[in-house]
Amino acid sequence: MVYTRVPVSFEVYPPRSTDKLPQLHESITALDMVAPEFISVTFGAGGSSTRDSLAVLNFIKDHTNATPLAHLTCVGTSEAEAQQLVSSFIGSGVTEFLALRGDLPEGTTEHTGELHNAVDLVRLMKSGIPESPSVERIAVAAFPNGHPESSSIEEDIDTLLAKQEAGATLAITQLFFFVEDYIRFVEKAAAAGVSIPVLPGLMPITSATRLARVLELTGEANPQELESQLASSDDLDERVSIGVRWCADMIGELVDYGVPGIHLYAFNQHETVLSALEEAGVR
């Protein structure tokens, strides 16, 4: 097979239990074998702490050739707290970030804290701390089918433009299931003035249960064909093949379109994302 060289990157998260760390380290080491541009680590997922995230980021920094990229959220955070947090990561040698607002606390509808959104966080990283010159990359989120709280795609594009103006250098999309949704979004965004790269975010979905959970969290339209195929199979290996094939087909179409890279949500497992890249002829 002739492989197409396109930049790839991955997302992992700190496990809830330290017993799972050796397994995560094994997966990160396997992901590093395909030379990713960066591996991002979520912040606060599943009750994890700054210390948990930093431990995973340091493993990436010290034991792989990939660049560690730290997720940071700002909801409910004071400016001083955010400054201290960013400074602590930079002090540990982590200089690339994904700036996110974060989910509002359950039962609330209003923003709290001094930093109200990702734009404020990007601006702080760019120029609001003494270590700002050390920040090498600031990524932000993009939503091909709209953020659940936005009124239109146009509003999402305006938000992405504001993040770019504040200093963001890269965008990564939320998970989506139809290539045309990504293409429509990036072309509208480019026409509106967005010039930073927008990486498509993908994940092989290998069970109908996980698909339902993803749809609940993201509000994405149901990929009925994928759902039907997953639901009709009782064989685990077959379901994995279905999810990998769907993801690989999307990767192939996106690479043909000319995307600046492929970002894969690894869910702390390397097998399915690496299989999708191989099947797509990317690695």
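Only the coordinates and a few stated rules stand behind these numbers; no lab work does. It should be emphasised that the depicted structure is a prediction, and the values quoted were computed from it without experimental measurement. Every residue, glycine as well, gets a Cβ built from its backbone with ideal geometry; the counts of neighbours run over all protein chains shown.
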### Residue exposure sequence - Arg123, Arg101, Arg137, Arg213 - by fewest surrounding Cβ within 10 Å
Arg213, Arg137, Arg123, Arg101
### Query
Rounded if a/c is under 1.5, else prolate if a/b beats b/c, else oblate: with a ≥ b ≥ c from the C-alpha gyration tensor eigenvalues square-rooted, which is segment 154-223?
prolate
### Query
Count the lysine pairs in the chain that are 8 or more places apart or on different chains: how many have C-alpha atoms under 28 angstrom apart?
6
### Summary
Note on segment 178-283: C-alpha Rg/Rh, Kirkwood Rh, two decimals, gives 0.98
### Computed over the chain: relative contact order in percent, which uses C-alpha pairs under 8 Å that are six or more apart
20
### Kirkwood Rh in Å, taken over segment 94-223 so that all alpha-carbon pairs contribute
15.8
### Query
How large is the Kirkwood hydrodynamic radius of segment 45-98, in angstrom, based on all distinct alpha carbon pairs?
11.7
### Structure-based [θ]222 nm, the chain - -39500 (n - 2.57) summed over DSSP H runs of at least 4, per residue, nearest 500
-14500 deg cm²/dmol
### Task
Report, to two decimal places, the Cα Rg of segment 115-164 normalised by 2.2 N^0.38 Å (N = number of residues).
1.28
#### Entry: Normalised alpha carbon radius of gyration of segment 7-78 [divisor 2.2 N^0.38 Å]
1.08
### Query
Based only on Cα atoms, what Rg/Rh ratio does the chain have, Rh being taken as Kirkwood's radius?
0.95
